[in-house]
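**Q** Okay, handing you the structure first.
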Amino acid sequence: MRGIAAAIFGFAVLTASVGVCAQESVGEVGIGLESFGLENVSRAGEWTGVSLSLTDHGDEPRNVIVRLKGEDPDGDPPLYERAVTLNPGAKQRVWLYVRLLHQMTRQTSFEVTVHEAMDDAGNSNEGFAVGRLLARTTISPARVLSSFEGMIGVVGAQSMGLDLYGESPSGEAWATLGHERTEVIRGIKAGSITGGAGSLPDRWMGLMGLEALVWADGDPSELGADRLRGRAIREWVARGGHLIVVLPGIAQAWTSPQALGLYEDFLPAVRINTKEDVSLDAYRALLTWRDVPLPESATVHDFDPVEGYQATDAIHILNGPDGKAVVVRRLIGTGAVTMIGLDLMNRRLMAQRVPEADVFWHRVLGRRGRLMPNSELKKELSMVKLQSRTPVVYYDEKIASEIAKTGKAALGVILGVVVFLVYWALAGPISFGVLRKKGKVRYSWLAYVGCAFVFTLIAWGGANAMKPSRSDISHVTLIEHVYGQNLDRARSWMSVLIPRYGEAELSVSSGELFEGRELHHAMASWDAPPPQSTLFQKFPDARGYRVESRMPDTLRIPVRSTVKQIRVDWAGGPRWGMPQPTQEVDGTGRPGIRFSRKGELDAGLLVGKLVHDLPGVLHDVVLVVNRVQKPLRKGQVPGSSLVMGGASMAFKIPVWEPGTALDLSRVTKIGRDASGGKTQLSAFLTDSFLEGLVPRPRATAALNAGSIDLTDGLTAAAFFDQLPPPEFAEQVTRSRALARRAATHTWGSRWWFTQPCVIIVGQLGGVGDEPIPSPVPLLLDGKEVVSDGRVLVRWVYPLKEQPPRYTARKVEDE
């Protein structure tokens with residue numbers, strides 16, 4: 001539809017202005033760029049925060065509207081704005097939140113303007129209308145990551161070994177020995193809202209692109225005076241974020257009454273015990289495989305659970321050699337807060353390049369694969385081989401084609417061509433031939449006019465018959481639920497056909513609460529990620545539309561009876577009947593799931609039953625059981641296998657119908673296929689299952705980018721962090737493909753492969769299935785509308801904690 005409309009209106013080529021820094025504005029208000037993204041790092045295709053400083057040169061306080069002119073694939077620029085009160089001569093810091101296009105680069109520039117705010121409660125954002133222009137300037141980002149790179153933020157100046165996740169050959173966008181390169185953004189400050197560049201944003205959208213936020217330095221009570229930034233972190237965690245708190249040697253900042261008053265219901269529910277003069281050599285297996293000297297006198301904090309809390313409020317992830325927990329975790333919504341009791345900022349520890357990411361951080365973040373500095377890799381592998389990473393597979397590229405509404409447009413074009421050809425034939429050679437044969441050529445002009453009239457009526461009638469009379473919405477949606485948490489999160493890509501001209505309002509149902517706090521949804525126009533992204537076909541009558549930057553849950557967009565593609569990030573109370581245990585298994589009187597015990601001969605790995613009430617048949621289901629991390633052993637060289645090793649099993653279930661009990665005792669039996677009704681099941685080591693998701697070409701021809709379908713692509717994206725790394729065989733054509741994602745960052749398996757749990761991933765809808773409505777409550781002009789499409793469901797059940805044991809024997813890399 002968009003292609004036809006663009007052909008009618010004309011085409012325009014995407015252009016970009018050149019600029020690398022903020023230009024000082026000239027006007028009544030001074031505008032300065034503090035930070036474009038966290039520590040001036042942003043990623044193409046993602047939401048990012050832009051921090052500006054405003055200085056009013058006027059004589060008295062006044063309300064103003066600050067606005068950033070963004071980009072839209074249709075050419076209608078979104079005007080991200082917010083109202084703020086300025087005081088004369090006082091510099092004030094303001095955050096704006098914008099979604100960047102996948103085609104954005106460092107050369108892309110953005111116009112920032114400041115306007116007088118006019119009272120107008122009925123026709124504006126935040127009760128203000130835009131008045132007189134006060135200032136204008138142009139800004140550009142300092143550093144833009146590609147859509148294929150991940151991000152981890154660090155509050156503090158030191159990386160603590162995390163920097164190896166950012167190693168890449170010659171600055172490429174992939175990891176040297178893995179798939180996705182992860183940029184480690186150091187130097188983020190807790191600071192106050194009036195502080196300098198690099199401090200934390202005041203809305204969760206500014207953190208949306210992070211896989212994890214590691215808090216290593218800075219007093220958390222500094223957020224106390226600015227509740228907005230504390231709430232932003234809380235909401236980001238509830239929406240799937242992973243906050244990791246590294247306790248310093250003196251942990252008073254996190255144990256003071258002020259800090260506990262702010263975070264007691266947010267941090268793991270543990271009592272912190274501090275031990276001084278501890279030799280870290282006893283913890284060597286947790287920190288490094290190398291025989292390097294470790295501090296003989298360090299501070300270690302271990303943790304005891306506090307009574308009266310749920311098991312998921314204080315999960316032991318890693319223990320010390322004395323059996324005391326030194327890494328604990330609390331689950332919040334679909335996210336987690338992890339606390340580390342080892343002083344990783346110890347200077348003598350950092351001097352030895354310890355901890356090593358593939359020894360310690362893999363077991364916290366849920367990553368896999370060997371990590372080495374490029375300087376060491378050059379001794380073992382040819383850098384030419386590392387730089388030649390083919391073939392490549394893009395797991396989320398087919399989202400765009402799945403939601404594209406090109407079928408009706410193509411049919412209209414075909415019918416138009418057919419009607420024109422028939423008209424040309426009848427009005428021309430056929431009618432002329434018949435009339436000449438009858439000797440009445442003088443009537444040929446009447447035949448021509450008659451054919452033109454008839455076919456005009458046919459074309460007009462056909463066009464009206466094919467013209468859509470109601471809105472039509474297709475979608476691809478990811479939804480996640482963690483059992484025991486009263487929250488779902490979802491990301492939906494939608495194509496919205498609005499069959500009229502003028503203006504329309506798209507919004508997400510608001511008022512969702514989590515733990516008594518309102519959630520802020522995010523909606524923006526969406527462009528297809530690479531490799532599908534192309535030059536945009538813009539409308540010549542481009543019109544800007546206003547977006548409340550801090551609450552972008554509503555878009556008032558121009559419509560031209562064409563399709564608008566959007567991305568929505570939503571969270572709220574469960575809207576669907578997610579899987580629920582129905583069998584009491586542990587003597588508590590409550591239904592649940594547990595590991596089987598010795599002597600339960602008829603049981604599989606698990607005991608329990610599950611039933612779901614989802615709005616359709618769940619198909620292509622994968623059930624993964626994670627039991628325990630690999631044992632810890634001094635001197636064990638890290639390999640490329642899962643942190644769980646052979647203690648992770650995967651079971652394939654072709655279909656699971658609503659209301660049908662899934663008997664986990666039968667499903668998780670190992671050694672033979674099991675049957676539950678009509679469902680045939682197969683068991684795999686999870687590593688073997690994951691290998692099947694990363695293509696390995698057999699011929700010399702490069703793997704086509706579109707060689708993996710959307711079903712397998714979405715499943716692979718759900719386990720992206722655990723995909724087996726590429727191989728560097730002598731013959732590159734036998735190597736495992738380089739896996740990439742551009743639209744599904746932060747939707748991988750993340751920390752779930754560091755603790756015992758059950759993960760179920762399945763899909764609703766798709767080719768040959770009944771279309772499924774999106775769980776995201778989309779409203780058109782204030783009324784909820786139904787969409788049709790495909791949904792990937794991920795459901796997680798946390799199991800009883802089981803930290804890895806220490807062992808003296810050699811542990812083979814499984």
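**Q** Can we say residue 217 is at pLDDT below 95, within 30 Å of residue 147 (Cα to Cα) and open to solvent by 30 Å² or more (accessible area, probe 1.4 Å)?
**A** Here the answer is yes, as residue 217 does meet what is asked.
**Q** Shifting gears a bit: Can you tell which of 132, 143, 186 is at pLDDT 90 or above, out of contact with any helix residue (DSSP H, G or I) (no Cβ under 7 Å at 6 or more places or on another chain) and closer than 24 Å to residue 57 by Cα? Let's see the steps before the verdict.
**A** Numbers: 143 fails: closer than 24 Å to residue 57 by Cα; 186 fails: closer than 24 Å to residue 57 by Cα.
Of 132, 143, 186, the one residue that is at pLDDT 90 or above, out of contact with any helix residue (DSSP H, G or I) (no Cβ under 7 Å at 6 or more places or on another chain) and closer than 24 Å to residue 57 by Cα is 132.
**Q** For region 220-236, how many residues meet the condition of being under 21 Å from residue 301 (Cβ atoms) and either among the aromatic types (Phe, Trp, Tyr) or modelled with pLDDT of 80 or more (or both)?
**A** Residues flagged as under 21 Å from residue 301 (Cβ atoms) and either among the aromatic types (Phe, Trp, Tyr) or modelled with pLDDT of 80 or more (or both) within region 220-236 amount to 1.
**Q** Still on this structure, I have one more. On the given criteria, is residue 210 at pLDDT 90 or above and either under 28 Å from residue 372 (Cα atoms) or among the polar types (S, T, N, Q) (or both)?
**A** Values: at pLDDT 90 or above: yes; either under 28 Å from residue 372 (Cα atoms) or among the polar types (S, T, N, Q) (or both): yes.
Yes: the conditions hold for residue 210.
**Q** Do you know which residues across region 124-176 are of a type in the set (A, V, I, L, M, F, W, C), open to solvent by 30 Å² or more (accessible area, probe 1.4 Å) and under 16 Å from residue 41 (Cα atoms)?
**A** 142, 144, 157
**Q** Answer with yes or no whether residue 495 is polar (S, T, N, Q) and surrounded by 21 or more Cβ atoms within 10 Å (Cβ to Cβ).
**A** yes
**Q** Is it true that residue 348 is open to solvent by 60 Å² or more (accessible area, probe 1.4 Å) and at pLDDT 90 or above? Walk me through it before giving the result.
**A** Values: open to solvent by 60 Å² or more (accessible area, probe 1.4 Å): yes; at pLDDT 90 or above: yes.
It is true that residue 348 is open to solvent by 60 Å² or more (accessible area, probe 1.4 Å) and at pLDDT 90 or above.
**Q** Being over 32 Å from the mean Cα position of the chain (by Cα), basic (Lys, Arg) and closer than 27 Å to residue 764 by Cβ: is that true of residue 652 here?
**A** Numbers: over 32 Å from the mean Cα position of the chain (by Cα): no; basic (Lys, Arg): yes; closer than 27 Å to residue 764 by Cβ: yes.
So residue 652 fails the test.
**Q** Only one of these conditions is not met by residue 629: (1) in contact (Cβ under 8 Å) with a residue 40 or more places away in the chain; (2) over 30 Å from residue 370 (Cα atoms). Which number is it?
**A** (2)
**Q** Could you tell me whether residue 617 is closer than 30 Å to residue 371 by Cβ, more than 24 Å from the chain's Cα centre (by Cα) and of a type in the set (A, V, I, L, M)?
**A** On the way: closer than 30 Å to residue 371 by Cβ: no; more than 24 Å from the chain's Cα centre (by Cα): yes; of a type in the set (A, V, I, L, M): yes.
In short, no.
**Q** Can you pull out every residue in region 449-458 that is surrounded by 11 or more Cβ atoms within 10 Å (Cβ to Cβ) and modelled with pLDDT of 75 or more? Give the derivation first.
**A** Our first condition is that a residue be surrounded by 11 or more Cβ atoms within 10 Å (Cβ to Cβ); within region 449-458, this holds for 449-452, 454-456, 458.
Hits for region 449-458 are 449, 450, 451, 452, 454, 456, 458.
**Q** Could I ask something else about it? Of everything in region 469-492, what is closer than 21 Å to residue 520 by Cα and either more than 20 Å from the chain's Cα centre (by Cα) or open to solvent by 20 Å² or more (accessible area, probe 1.4 Å) (or both)? Give them in sequence order.
**A** Matches in region 469-492: 485, 486.
**Q** Here's another thing I want to ask about it. Can you confirm whether region 136-151 contains a residue that is over 31 Å from the mean Cα position of the chain (by Cα), more than 21 Å from residue 207 (Cβ to Cβ) and touching a residue at least 24 places away in the same chain (Cβ under 8 Å)?
**A** Yes: one or more hits.
**Q** For region 641-652, state whether one or more residues are of a type in the set (Val, Ile, Thr), touching a helix residue (DSSP H, G or I) at 6+ places or on another chain (Cβ under 6 Å) and touching a residue at least 60 places away in the same chain (Cβ under 8 Å).
**A** Restricting attention to region 641-652, the residues satisfying the condition of being of a type in the set (Val, Ile, Thr) are 643.
If we keep only those that are touching a helix residue (DSSP H, G or I) at 6+ places or on another chain (Cβ under 6 Å) as well, we get 643.
Then keep just the ones that are touching a residue at least 60 places away in the same chain (Cβ under 8 Å); that gives 643.
So far as region 641-652 goes, yes, one or more of its residues are of a type in the set (Val, Ile, Thr), touching a helix residue (DSSP H, G or I) at 6+ places or on another chain (Cβ under 6 Å) and touching a residue at least 60 places away in the same chain (Cβ under 8 Å).
**Q** Further question on the same structure: Got a sec? Which strands (runs of 3 or more DSSP E) wholly within region 264-372 have at least 3 residues that are within 30 Å of residue 571 (Cα to Cα) and in contact with a Pro (Cβ under 9 Å, 6 or more places away or on another chain)?
**A** Numbers: elements: 270-278, 298-305, 315-319, 325-332, 335-340.
Hits in region 264-372: 315-319, 325-332, 335-340.
**Q** Something else now. Please go through (1) farther than 19 Å from residue 480 by Cβ; (2) at pLDDT 90 or above; (3) out of contact with any Phe, Trp or Tyr (no Cβ under 8 Å at 6 or more places or on another chain) for residue 734 and return the number of the only condition it doesn't satisfy.
**A** Result: residue 734 passes all but (2).
**Q** Within region 285-300, how many residues are surrounded by fewer than 21 Cβ atoms within 10 Å (Cβ to Cβ), of a type outside the set (A, V, I, L, M, F, W, C) and in contact (Cβ under 8 Å) with a residue 40 or more places away in the chain?
**A** 5
**Q** Let me ask something else. Looking at (1) under 26 Å from residue 521 (Cα atoms); (2) touching a Lys or Arg at 6+ places or on another chain (Cβ under 9 Å); (3) open to solvent by less than 20 Å² (accessible area, probe 1.4 Å), which is the only condition residue 40 fails?
**A** (3)
**Q** I've got another one for you. Scan region 750-798 for residues that are closer than 29 Å to residue 336 by Cβ and part of a loop (DSSP other than H, G, I, E, B) and report the count.
**A** 6
**Q** Those residues that are among the β-branched types (Val, Ile, Thr) and touching a Phe, Trp or Tyr at 6+ places or on another chain (Cβ under 6 Å), I need them from region 469-507; list them, please.
**A** The answer is 476, and nothing else.
**Q** Next question, about the same structure. Considering (1) out of contact with any Phe, Trp or Tyr (no Cβ under 9 Å at 6 or more places or on another chain); (2) among the β-branched types (Val, Ile, Thr); (3) at pLDDT 85 or above, say which one residue 194 fails and leave the rest.
**A** The single condition residue 194 does not satisfy is (3).
**Q** Give me a count of the residues in region 301-317 that are free of Cβ contacts under 8 Å to residues at least 60 places away in the same chain and open to solvent by 30 Å² or more (accessible area, probe 1.4 Å). First the steps, then the outcome.
**A** The first filter runs over region 301-317 and keeps only residues free of Cβ contacts under 8 Å to residues at least 60 places away in the same chain, leaving 301-309, 313-314.
Within this subset, residues satisfying the condition of being open to solvent by 30 Å² or more (accessible area, probe 1.4 Å) are 304-309.
So the count comes out to 6.
**Q** List the pairs whose first member sits in region 656-669 and is touching a residue at least 40 places away in the same chain (Cβ under 8 Å) and basic (Lys, Arg), whose second member is open to solvent by 10 Å² or more (accessible area, probe 1.4 Å) and in a strand (DSSP E or B), and whose Cβ atoms are under 7 Å apart, counting only residues at least 6 apart or on separate chains?
**A** The qualifying pairs are 666/676.
**Q** Still on this structure, please answer the following. Condition test on residue 482, is it within 22 Å of residue 786 (Cβ to Cβ) and at pLDDT 90 or above?
**A** Numbers: within 22 Å of residue 786 (Cβ to Cβ): no; at pLDDT 90 or above: yes.
Taking the combined requirement at face value, the residue does not satisfy it.
**Q** Counting only residues that are within 30 Å of residue 104 (Cα to Cα), give me the strands (runs of 3 or more DSSP E) lying completely in region 526-608 with at least 1 of them. Walk me through it before giving the result.
**A** Details: elements: 545-548, 554-560, 563-572, 577-581.
Once the strands (runs of 3 or more DSSP E) in region 526-608 are filtered for at least 1 residues that are within 30 Å of residue 104 (Cα to Cα), what remains is 545-548, 554-560, 563-572.
The values are calculated or read from the model by the stated rules, or taken from the named source; none is laboratory data. Values in this document were obtained by computation on a predicted structure and should not be read as measured data. Neighbour counts are summed over all protein chains in view; Cβ atoms, including those assigned to glycine, are modelled from backbone coordinates with ideal geometry. What goes into the accessible areas is simple: the full protein's heavy atoms, side chains included, and nothing from ligands, DNA or RNA. Shrake-Rupley method; radii C 1.70, N 1.55, O 1.52, S 1.80 Å.
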